[in-house]
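Note sheet for the following structure.
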Amino acid sequence: MCGIFCLFLNRPLSAQDIAIGRNGVRALDHRGPDSWGEWTDAERGVYIGHCRLSIVDLTEASDQPMVRNGQVIAFNGEIYNHASLRDRLQGLGVRFQSKGDTEVLLQALQMLGAEALDAIDGMFAYAHWDGSVGTLATDSFGEKQLYYAETPEGIYVSSELPPLRDAVGAKPHLSPESLVALMSLDYIPAPATGYLEIKRLGPASILKIRNGTAQALSQYWKPEMPRAGNGTVLELSERQLDKIHEALCASTETRIQADAPMCAFLSGGVDSNLVVAIAAREFGASLDCITVNFPPGYGPAEGEVAAQSAALLGVRHINISSRSDPRHAGVDHFLDLFGQPNGNLTISSINQVAQHGVSNGFRVGLTGMGGDEVFSGYQKHSYFYKNRRYYRLPEAMRLFLGGMSRAIPITSGKLSAFQNLISVREYERYLAKKNQPTISTLRRIPNFPRWASEAFVPTQDPIEISVPYYELTEVMPNSQLPALDLGSMRASLELRTPFLSRRLHECVSEFDPRALLAFGQKSVLRRLLARYLPKLIVENPKLGFVFPQKQFLEQRGNAQPKLNGIPQALMQRIWERRFETGFQRLAVRAVLAERFLDRQY
């Protein structure tokens, strides 16, 4: 796991350009504290810088930038199947000078071309130079971040936003579309960022650079929308479950291979427990498992359940308490980690656990990230499935019935849900549930109807299928995965995610997606976990590595945020109700946006 900083200019490099490149690499030292290097082609305007966190092949032979046959690469991530790819390439006559995965990636790109990306099981972002064309690329799910700035002099590239912002002198800017997206979704969707000049590559992306100019962006893979079967849905058979189990075991086995010490992030929920169980029971991995707890009244306390499961699995367990230091709960802390507004405050918990892991000698961590996305495991997924018949009513009928029901005093949760969640416009269905119960507040933000109707164009896909797909392909790479990468790498810890395997995803996609939803939340993963742990752990509700929004807002004090683009009266309504469910999220997003725009960088 490493840091990348590059320049692809439309003119020769100057001494000042090289200084900018070196400053960019130094600003990423936390991502690669073990070594750093650079490669330049001054005449062609190319600077490729790299700092390394050594995980596989700890020798200098795998230092970067790496040069082979006149081609250069700076690579951040892990190629989990590098051993089998090495064998394949050796069969084609390739001779290797190192034992690491970087050389395998570079040689694969040279020998296999675009086919190499489909052959890789891994997480990665890289910058590649073949002597005349630069290439930026990211992994299939978007685990590794890569940002680039387009300027009149060429393209600047970085693993994180702040060094890039400083290099090109970018100023914070939230367009009307970005502001309403942030207030509605928690994040600014890629490729946009909080800076006009800077973009972020999404999952499975390839960007070619010629003569300092970005060419057309392409995507080499995207999950297909699942298709539900006809008739009665059947629970997966034990044989089908075995097939999923085999794919998850194969993914886990490759992700516990490292030449550096490894720990695990363990909550009291299903996903991380299943990953740790497979690592320990199937492959004998001895892992220290770390759990974070929050003060009473601020967040979940999962340490007791996590400790029980760790004891049953025969692995060590460490329980740590969430920091109360305001520096780790205030708005600047989160903006420093993300480099832009993002309401996923979990990044602080990830960063804290990663710091604890590093302080105890670990360089790698195993996580259960991606289980909910691949297996449709979030509570909202179950909600949309249970209420699918209501959502299939024509929009006009739902709006009419919702209007009629508002004349009736609310006496049940179902009636309240129909009024606030179901009797909404097609493009509001997901947002109403995500931001429950504040959809009426979001509607009052200027540009909301136009933005939402363009972002959520109605399709023929059933909402109970389209929502999990949206969260896999949009929410996860825009929110969860940046938090995972940026939070852990700020502490110099690499995180690995066995659920994010194309083979596993394609295996799950063979089955009727309704089978993931119809038999209880996370039913498939719970059945797998039941092969390792007792009912107490299997049925424990997921809480996870979150960060309390209440603590964040208390650090703010009473000062109401002010944002151009949000009417003052609307902001006042949000702020007065900031400790209520739903409004907390809106208040957090507003505070982040205000501070981002006012901050002097």
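The values are calculated or read from the model by the stated rules, or taken from the named source; none is laboratory data. Just so you know, these numbers come straight off a predicted model, no measurement behind them. Cβ sites come from the backbone with ideal geometry, for glycine too, and all protein chains shown count toward neighbours.
Contact map, the stretch 491-502: residues that are among the basic types (Lys, Arg) paired with residues that are modelled with pLDDT of 95 or more, Cβ distance under 6 Å, separation 6+ or inter-chain. Pairs shown: Arg496/Arg255; Arg496/Leu366; Arg502/Ser140. Applying the set (1) surrounded by 15 or more Cβ atoms within 10 Å (Cβ to Cβ); (2) on the phi > 0 side of the Ramachandran plot to Arg52 leaves exactly one unmet item: (2).
Right, Thr441: β-branched (Val, Ile, Thr), under 14 Å from the mean Cα position of the chain (by Cα) and part of a helix (DSSP H, G or I) or not? Please lay out each step first, then the result.
On the way: β-branched (Val, Ile, Thr): yes; under 14 Å from the mean Cα position of the chain (by Cα): no; part of a helix (DSSP H, G or I): yes.
No, not satisfied.
Within the stretch 85-96, residues that are of a type in the set (Val, Ile, Thr) have Cβ atoms under 6 Å from residues that are surrounded by 10 or more Cβ atoms within 10 Å (Cβ to Cβ) in these pairs: Val94/Gln107, counting only partners at least 6 apart in sequence or on another chain. Screening Glu197 on (1) surrounded by fewer than 19 Cβ atoms within 10 Å (Cβ to Cβ); (2) farther than 30 Å from Glu594 by Cβ shows it passes everything except condition (2).
Among strands (runs of 3 or more DSSP E) entirely within the stretch 45-157, having at least 1 residues that are assigned by TED's automatic domain parsing to the domain that holds Met369 singles out no element at all.
Annotation note: of Ser159, Ser175, Ser140, the sole residue that is closer than 18 Å to Leu28 by Cα, polar (S, T, N, Q) and either touching a helix residue (DSSP H, G or I) at 6+ places or on another chain (Cβ under 9 Å) or without any contact (Cβ under 8 Å) to a residue 40 or more places away in the chain (or both) is Ser159.
In the stretch 198-234, which residues are among the small types (Gly, Ala, Ser) and within 18 Å of Leu517 (Cβ to Cβ)? First the steps, then the outcome.
Residues of the stretch 198-234 that are among the small types (Gly, Ala, Ser), as a first pass: 202, 204-205, 212, 214, 216, 218, 228-229, 231.
Once the filter is applied, which keeps residues that are among the small types (Gly, Ala, Ser) and within 18 Å of Leu517 (Cβ to Cβ), the stretch 198-234 yields Ala228, Gly229, Gly231.
Having 2 or more residues that are among the charged types (D, E, K, R) is the bar; report the strands (runs of 3 or more DSSP E) wholly within the stretch 205-292 that clear it. Where strands (runs of 3 or more DSSP E) fall fully within the stretch 205-292 and carry at least 2 residues being among the charged types (D, E, K, R), they are 205-210.
Just give me the residues in the stretch 553-571 being surrounded by 12 or more Cβ atoms within 10 Å (Cβ to Cβ) and at pLDDT 90 or above, in sequence order. Before you say what the answer is, go through the steps one by one.
Going residue by residue through the stretch 553-571, those that are surrounded by 12 or more Cβ atoms within 10 Å (Cβ to Cβ) are 553-556, 560-563, 565-567, 570-571.
Scanning the stretch 553-571 gives Leu553, Gln560, Pro561, Lys562, Leu563, Gly565, Ile566, Pro567, Leu570, Met571.
Annotation: Thr441 fulfils all but one of (1) farther than 30 Å from Leu563 by Cβ; (2) modelled with pLDDT of 95 or more; the unmet one is (1). The set of residues from the stretch 172-188 being surrounded by 20 or more Cβ atoms within 10 Å (Cβ to Cβ), on the phi < 0 side of the Ramachandran plot and not in a strand (DSSP E or B) comprises Leu174, Ser178, Leu179, Val180, Ala181, Leu182, Met183, Ser184, Leu185, Tyr187, Ile188.
Pairs are defined by a Cβ separation below 6 Å, a sequence spacing of at least 6 or placement on different chains, a first member in the stretch 520-531 that is in the same structural domain as Arg281 (by TED's automatic domain parsing), and a second member that is surrounded by 18 or more Cβ atoms within 10 Å (Cβ to Cβ) and hydroxyl-bearing (Ser, Thr, Tyr); the pairs so defined are Gln521/Ser382.
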